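Below is one structure, written out as structure tokens; the observations come after it.
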Amino acid sequence: MKFNPEKCVVPDKRMQPFIDQNEIWNYINNTVSSKERVREVIAKSLSKLRLTLEETAVLINATDPELIEEIKQGARTLKERVYGNRIVLFAPLYIGNKCSNNCQYCGFRSTNTEAIRKTLNDEEIVKEVVALEENGQKRLILVYGEHKEYSPERIAHDVELVYSVKKDFGEIRRVNINAAPLDIQGFRTIGKSGIGTYQIFQETYNPEAYKQYHLGGKKADYDYRLTGLDRAQEAGIDDVGIGVLFGLYDWRFEVLSLVRHTNHLEACYNVGPHTISFPRIQDASSLNVDPKYMVSNSEFTRLVAILRLAVPYTGLILTARESAEIRNEVISFGVSQIDGGTKIELGGYDKFKNQEQDLNREQFKINDDRSLNEIIRDLLHTGYLPSFCTACYRQGRTGEHFMEFSVPGFIKRFCTPNAILTLAEYLMDYATDDVKIEGWKAIEKELAGLDNNANTEELKKRIELIKQGKHDLYF
């Protein structure tokens with residue numbers, strides 16, 4: 001990734017802190033949200049232009065129920081224009097919960113003596129991946145506690161191991177990472193293993209709140225974590241994900257900080273984050289959080305819509321922390337990726353698949369325990385197109401290259417056809433009979449709605465090849 005010295009000017013500097021509290025609070029406290037201004041901002045976003053901090057603050061400060069509904073409707077419209085009706089599916093795979101940090105909101109915290117510590121060995125990882133492949137998963141994110149045992153070399157080894165596991169028609173085609181920030185050489189080591197996105201969540205961008213909740217370990221260093229993805233970019237990893245744990249500080253500050261982080265990466269490296277995640281505080285073993293900043297359902301759905309309008313081309317990820325009801329609601333106006341069939345216990349996909357959730361084995365409590373097949377069925381029932389597509393990453397359409405395709409809208413030429421092909425694979429190999437019926441109906445409907453630019457005839461030929469047993473066809 002090339003540094004852009006002309007755009008990256010003070011205060012946007014590589015690998016230096018870029019959050020100015022006064023700047024962010026100034027926007028929140030002094031931005032006026034008249035009806036006319038809110039509608040102007042929504043109109044700008046619908047033209048697929050990323051919003052400034054001031055424009056995002058206009059949406060944040062809009063409290064009139066009528067304007068909030070207009071923001072949500074604008075987000076629905078924008079999402080349809082950029083992403084169509086596709087929802088990308090993935091699964092998290094927890095590799096180890098050893099951790100040297102003492103984060104007060106996390107079940108993995110070092111002072112939680114009730115936690116059952118474990119790191120999966122190679123044999124156990126293979127069993128987990130086989131169980132995931134038997135359900136039809138194609139995209140994984142490997143999750144690690146922050147501990148010296150989980151070195152770049154160890155993570156790179158795990159990535160290569162996951163890619164090597166093949167069960168019947170199953171294979172994992174994209175492995176993302178959620179782990180500790182590294183130095184540049186560490187990122188280079190992991191990058192060579194062929195990872196997809198590297199996620200680092202700041203948790204909270206407010207330094208005082210950050211200090212309150214991070215009482216020990218390397219994670220207590222706010223600046224080192226904040227600049228982690230700068231080092232990833234410097235190491236050549238141009239596909240990165242940011243995130244906030246809502247409930248630690250004022251959600252308005254956090255939303256503007258996410259946009260500020262996006263601005264920083266775009267200014268310095270010509271590409272913003274590939275994804276933004278926005279988990280909310282949920283129950284966890286030994287949880288110790290001040291309830292002052294807990295985010296209500298109404299605030300949560302509102303902030304998702306604001307984020308969608310603020311960053312039109314950034315993927316928004318919503319995990320099974322949220323209930324099925326909340327997930328179904330916010331998918332309509334913002335979310336582009338969800339996990340399905342999620343188990344976050346160490347060894348949960350294989351060893352503990354028939355047991356109740358155990359918070360002493362988990363980082364937090366999940367609230368959507370639907371199987372992958374059930375989620376696909378529900379998505380199809382509500383008019384969405386489930387996708388396991390990994391084509392952009394495998395074709396080199398990441399980072400700046402991804403933006404070259406996606407910003408003008410050309411990505412639709414690839415995404416919908418590839419989503420159809422991956423759904424067809426799932427229907428042939430893993431779906432229950434009722435999902436097969438719904439899925440083939442959905443594919444026929446999608447084919448009928450494609451224009452000539454989608455190369456529909458070639459797509460139909462590839463669908464027939466999949467019906468004959470071919471796999472991994474994409475544009």
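Quick notes
- Calculated FRET efficiency for the pair ALA448/GLU208, C-beta based, R₀ 41 Å, to 0.05: 0.15
- Distance between modelled label sites at LYS48 and PHE169, nm, 7 Å Cα→Cβ extension: 3.3
- Virtual paramagnetic centre 7 Å along Cα→Cβ of GLU374, amide N under 15 Å, in the range 421-444: 432, 435
- Out-of-range pairs (alpha-carbon distance over 22 Å; input LYS292/LYS343; LYS98/LYS127; LYS98/LYS219; LYS436/LYS467; LYS441/LYS467): LYS292/LYS343
- Ranked by how many other beta carbons lie within 10 Å on average, peptides 442-450, 213-221 from highest: 213-221, 442-450
- Cα pair distances in the chain, grouped into 10 Å bins until the bin that holds the longest one, percent each: 4, 20, 32, 28, 13, 2, 0
- Protection proxy ranking for 188-201, 65-78, using the average of other Cβ atoms within 10 Å per residue and placing the highest first: 188-201, 65-78.
- Packing here is the average count of other Cβ atoms within 10 Å per residue, and on that basis the peptides 130-139, 459-468, highest first, run 130-139, 459-468.
- Inter-site label distance for GLU80 and LYS460 at 7 Å from Cα along Cβ, in nm: 2.7
- Once the Cβ-Cβ distance of ILE184 and LEU161 is raised to the sixth power relative to R0 = 25 Å, the FRET efficiency obtained is 0.55.
- In this Cβ point-charge picture (+1 for Lys and Arg, -1 for Asp and Glu), the range 35-180 has a dipole of about 360 debye about its Cα centre.
- Distance between the C-alpha centres of the range 442-475 and the range 253-320: 35 Å, rounded to the whole angstrom.
- FRET E, pair GLU134, ARG39, Förster distance 51 Å, beta-carbon r, rounded to 0.05: 0.55
- Percentage relative contact order, the chain, counting C-alpha pairs under 8 Å, at least six apart: 20
Each value in this text was obtained by applying a stated rule to the coordinates, not by laboratory testing. Computed from a predicted model, the values in this text were never measured in an experiment. Backbone-built Cβ (ideal geometry, glycine too); neighbour counts: all protein chains shown.
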